[in-house]
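Data block below; observations after.
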Amino acid sequence: MSKAKPIKSIGIVGSGVMGRGIAQVSYTAGYQVILVDKEQEIVDSSIKRIENSLLKLSQKGRLDQKLADEAASKIVGTTELSSLSQCDLVIEAVFENEEIKKTILKELDQVCSQQTILASNTSSLSISKLGSGLSRMENIVGMHFFNPVPIMNLVEIVKTVKTSTQALESVVEFVKSIQKKPVVVRDQAGFVVNYILTPFLFDAVKALSQGLCTVEEIDNAFRFGCGHPMGPLALCDMIGLDILVTAGNKMFEEYHDQKYAPPPLLKRLVDVGDFGIKSGRGFYQYTGMEKKEPRQFC
Ligand code: 3HC
């Protein structure tokens, strides 16, 4: 018999791309959702974006219109972390910065009930380190969602040596209930996907730097040669070049393997603020979410 405690209410901290996506899929699966960000206008605008995304799905006949119509009134948006005190599961999904994530988890540890499971949505940071010093190491997990959250079906669930079986099982059940596939991974940098994916993306950047071929040719090679839905450089832009540099550095620090060292071209793009889709420029130039033009790098 499962020891998992059923999860009914979800708190999400951070209403950016990942937080919004997690809120959307949790809401449509029937959970009570509270979304927190540091300013009320930010969280209100995020809920509006979730509503728009749900309306599009209902127009395509993939979602009950009533669920879309009620999203804005049912998803609670607030700036108060204390509103999450009674949530069964709180997922921190703020910017990929160790200090900020640690501070938020510490505050959550103070305001949330001891039964609340605290999760961090991170691509590469150590869950053990993020959770160290908290009063509930048995109720700390990592939950690595993939971008775009409403479309990508995987969630890596990261367990530390202290995560309890009950907390793990509860989170696995939650992930299944939002129609995603859970993969449970040990807490080591990059977990399993980024451990394997990041060197591949870095190799694409290195091939570009070496002038092997152009941005578009590298991407087309993998789209048409290997059936990838998007090429590696377009994927870098979607993930965020800054996120990739942070993840690469974390993995390099952990494994001391050169394949995780972010390539110079990637670092230079980040230095000048070219982060990919979110800043409008990366390996491509964008207007909104639309890919516009591949850039020349030689
Ligand atoms: N949010 C919601 N829906 C989206 C979306 C988004 N950001 N982007 C695209 N979609 C939807 C579209 O509306 C469309 O829906 P429809 O079938 O109902 O019309 C559907 O997805 C397909 O979109 P498009 O036709 O515009 O384009 P594609 O067929 O190229 O699909 C894609 C877009 C789903 C992003 C696809 O290219 C893809 O799967 N790419 C790979 C993404 C990937 O690998 N993500 C993981 C990144 S790694 C990560 O996140 C971890 C991190 O730690 C680094």
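The values are calculated or read from the model by the stated rules, or taken from the named source; none is laboratory data. Bear in mind the structure is a predicted one, so any value in this text is a computation, not a measurement. So basically every Cβ, Gly included, is an ideal-geometry build from the backbone, and we count neighbours across all protein chains shown. Only protein heavy atoms, including side chains, enter the accessible area calculation; ligands, DNA and RNA are left aside. Shrake-Rupley method; radii C 1.70, N 1.55, O 1.52, S 1.80 Å.
Any residue at all in segment 234-244 that is in a loop (DSSP other than H, G, I, E, B), at pLDDT 95 or above and open to solvent by 10 Å² or more (accessible area, probe 1.4 Å)? No, segment 234-244 contains no residue that is in a loop (DSSP other than H, G, I, E, B), at pLDDT 95 or above and open to solvent by 10 Å² or more (accessible area, probe 1.4 Å).
Looking at 205, 192, 171, just one residue is more than 15 Å from the ligand (Cβ to nearest atom), in contact (Cβ under 8 Å) with a residue 12 or more places away in the chain and out of contact with any His (no Cβ under 7 Å at 6 or more places or on another chain), and that residue is 171. The residue that is nearest to residue 183 (Cα to Cα), counting only those in segment 140-162 that are more than 16 Å from the ligand (Cβ to nearest atom) and touching a Leu at 6+ places or on another chain (Cβ under 6 Å), is 159.
Filtering 250, 278 for residues that are within 14 Å of the ligand (Cβ to nearest atom), in contact (Cβ under 8 Å) with a residue 24 or more places away in the chain, part of a helix (DSSP H, G or I) and over 19 Å from residue 198 (Cα atoms) leaves a single hit, 278. Taking segment 1-93 as the region of interest, the strands (runs of 3 or more DSSP E) fully inside it that hold 3 or more residues being away from the ligand (no atom under 16 Å from the Cβ) are 9-13, 32-36, 76-78. For segment 104-141, the set of residues classified as in a helix (DSSP H, G or I) and open to solvent by less than 70 Å² (accessible area, probe 1.4 Å) consists of 104, 105, 108, 109, 111, 127, 128, 130, 131, 137, 139, listed by residue number. If the condition is being in a helix (DSSP H, G or I), touching a residue at least 40 places away in the same chain (Cβ under 8 Å) and open to solvent by less than 50 Å² (accessible area, probe 1.4 Å), then segment 253-270 contributes 260, 265, 266. When 74, 66, 56 are checked against the criterion of being closer than 26 Å to residue 104 by Cα and open to solvent by 70 Å² or more (accessible area, probe 1.4 Å), 74 stands alone in meeting it.
Number of residues in segment 46-68 that are touching a helix residue (DSSP H, G or I) at 6+ places or on another chain (Cβ under 8 Å) and not β-branched (Val, Ile, Thr): the value is 14.
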